[in-house]
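Where a number appears in this text, it was derived from the coordinates with a stated rule and is not lab data. The structure presented is a predicted model; accordingly, all values stated were derived computationally and were not measured. Because the Cβ atoms are built from the backbone with ideal geometry, glycine has one as well, and the counts that use them run over all protein chains shown.
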Amino acid sequence: MEQAVESTPGIPWTVLVLREAIDDLKWFETAMRKVVMNLAIEQLKVDPKLESRNLKTLRPNPAAQREIRLLGRYRVLFDVDDVLQTVTIKVVGEKRGNALFVRGQEYKAHHETDLLE
């Protein structure tokens, strides 16, 4: 049985970025790559579990547990490990209308639920 673990106040979370997320960024303009990643890391280090308009928990899906909205149109999908106080950035994309685009393709994995569980 899993037990809820509270984060230690004042101690920044460790933010890891998967290679796939770095590859996602290559589809962005060079200057925007740095802006998006720096903003994501800066905000996720403080409190990745905060619930707000720009930071939310996703429905169960194979892609990621949570999503952060940056600069209105960018999305970063990530998981949170409470025990290790670690955030893992998994996917970075751009929202166009109601669709999320990753590497130039519409991305839907974060809306799919795993029916085998």
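If you take the C-alpha gyration tensor of the chain, multiply each eigenvalue by 5 and take the square root, what semi-axes do you get, largest first, in whole Å? Could you put the intermediate results ahead of the total?
Working: eigenvalues 103, 67, 30 Å².
One finds semi-axes of 23, 18, 12 Å for the chain.
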Among the lysines, select those whose C-alpha is under 21 Å from the C-alpha of K108, and discard any that sit fewer than 8 residues away in the same chain.
K26, K56, K90, K95
Pairs of alpha-carbon atoms within less than 8 angstrom and 6+ residues apart define the contacts here; what relative contact order does the chain have, in percent?
28 percent
Can you tell me the dipole magnitude for the chain around its Cα centre, using point charges on the Cβ only (Lys, Arg +1; Asp, Glu -1), in Debye to the nearest 20?
640 debye
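Filter the chymotrypsin sites (Phe, Trp or Tyr not before Pro) in segment 1-102 to those in DSSP coil with at most 11 other Cβ atoms within 10 Å of their Cβ, and list the result.
Numbers: sites: W13, W27, F28, Y74, F78, F101; in loops: W13, W27, F28.
For chymotrypsin sites (Phe, Trp or Tyr not before Pro) across segment 1-102 that sit outside H, G, I, E and B with at most 11 neighbouring Cβ atoms in 10 Å, the list is empty.
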Between the residues A21, L100, V80, the Cα farthest towards the positive end of the dipole of segment 14-110, that dipole coming from +1 and -1 charges on the beta-carbon of Lys, Arg, Asp and Glu, is from L100
